[in-house]
Amino acid sequence: MHAAVPLTPGIGIEAFVVRIFLVDDNAMIRSHLKEMLEQKSEWVVVGEASNGRDAVKACGKQKPDVTVMDFLMPEMNGLEAARQLTRQDPKVPILMVTVDPSRQLEREARKAGIKGLCAKAHMLALLNAVETLLKGRTYFPLGLPAAV
């Protein structure tokens, strides 16, 4: 899942780098998300897209370990993009970020193959949410049962 890269070139000590792909139509939010995610020295944003259609095209080339994606975007929303990305590579978890999380959105997100949902108002939870997905678990703080 994670690519091993030399921590210190020539010494042979390796660290695991987590490759993250960001999708949000707002460039300022993408920049803020990137800044937050890259606070973790072993996490790197390997690509960005401003809509679902571009994300579907680019994600396969970037080979991320996790994708962080907005819900409401032009051209293709996050749910449809997640459906397509999950068909392309079901092993890559998707965390959806949204202004207005709801139980209905959570149900639709689960059906689309999304593994986590995080409110943009609670971006401090973002790092925890990504870590949870990287451990192979889901992150749905609204608390719906998994079999919805």
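General remarks:
- One residue from Leu95, Leu85, Leu117 being within 13 Å of Val56 (Cα to Cα) and touching a helix residue (DSSP H, G or I) at 6+ places or on another chain (Cβ under 6 Å): Leu85
- Scanning the range 116-136 for residues that are under 15 Å from Val18 (Cβ atoms) and among the basic types (Lys, Arg) yields a total of 1.
- Test: residue in the range 80-99 that is buried (at least 21 other Cβ atoms within 10 Å of the Cβ), out of contact with any Phe, Trp or Tyr (no Cβ under 9 Å at 6 or more places or on another chain) and more than 20 Å from Phe140 (Cβ to Cβ): no
- Among the residues of the range 29-79, the one identified as under 11 Å from the mean Cα position of the chain (by Cα) and among the hydroxyl-bearing types (Ser, Thr, Tyr) is Thr67.
- Among the residues listed as Val66, Val97, the single one being touching a Lys or Arg at 6+ places or on another chain (Cβ under 7 Å) and within 22 Å of Val45 (Cα to Cα): Val97
- Flag for Arg107 being of a type in the set (D, E, K, R), farther than 19 Å from Leu33 by Cα, surrounded by fewer than 18 Cβ atoms within 10 Å (Cβ to Cβ) and more than 15 Å from the chain's Cα centre (by Cα): yes
- The range 58-102, residues that are more than 11 Å from Ile114 (Cβ to Cβ), in a helix (DSSP H, G or I) and in contact with a Cys (Cβ under 8 Å, 6 or more places away or on another chain): Gln88
- Residues in the range 101-148 that are farther than 17 Å from Gly78 by Cβ, of a type in the set (Val, Ile, Thr) and modelled with pLDDT of 90 or more: Thr132 alone.
- Among residues of the range 107-122 that are farther than 16 Å from Lys135 by Cα, those with a Cβ under 7 angstrom from a residue that is among the hydrophobic types (A, V, I, L, M, F, W, C) and part of a helix (DSSP H, G or I), sequence gap 6+ or separate chain, pair up as Glu108/Leu79; Ala109/Leu79; Ala112/Leu79; Ala112/Ala82; Gly113/Ala82; Cys118/Ala125; Cys118/Leu126; Cys118/Ala129.
- Filtering the range 91-114 for residues that are among the small types (Gly, Ala, Ser) and under 27 Å from Phe16 (Cα atoms) leaves a non-empty set.
- Positions within the range 3-15 being in contact with an Asp or Glu (Cβ under 6 Å, 6 or more places away or on another chain) and either surrounded by 17 or more Cβ atoms within 10 Å (Cβ to Cβ) or at pLDDT 50 or above (or both), in sequence order: Ala15
- On the stretch given as the range 33-52, residues that are in a helix (DSSP H, G or I) and either hydroxyl-bearing (Ser, Thr, Tyr) or in contact (Cβ under 8 Å) with a residue 60 or more places away in the chain (or both) total 3.
The values are calculated or read from the model by the stated rules, or taken from the named source; none is laboratory data. Note that this is a predicted model, so its numbers are computed, not measured. Virtual Cβ from ideal backbone geometry, glycine too; neighbours counted across all protein chains shown.
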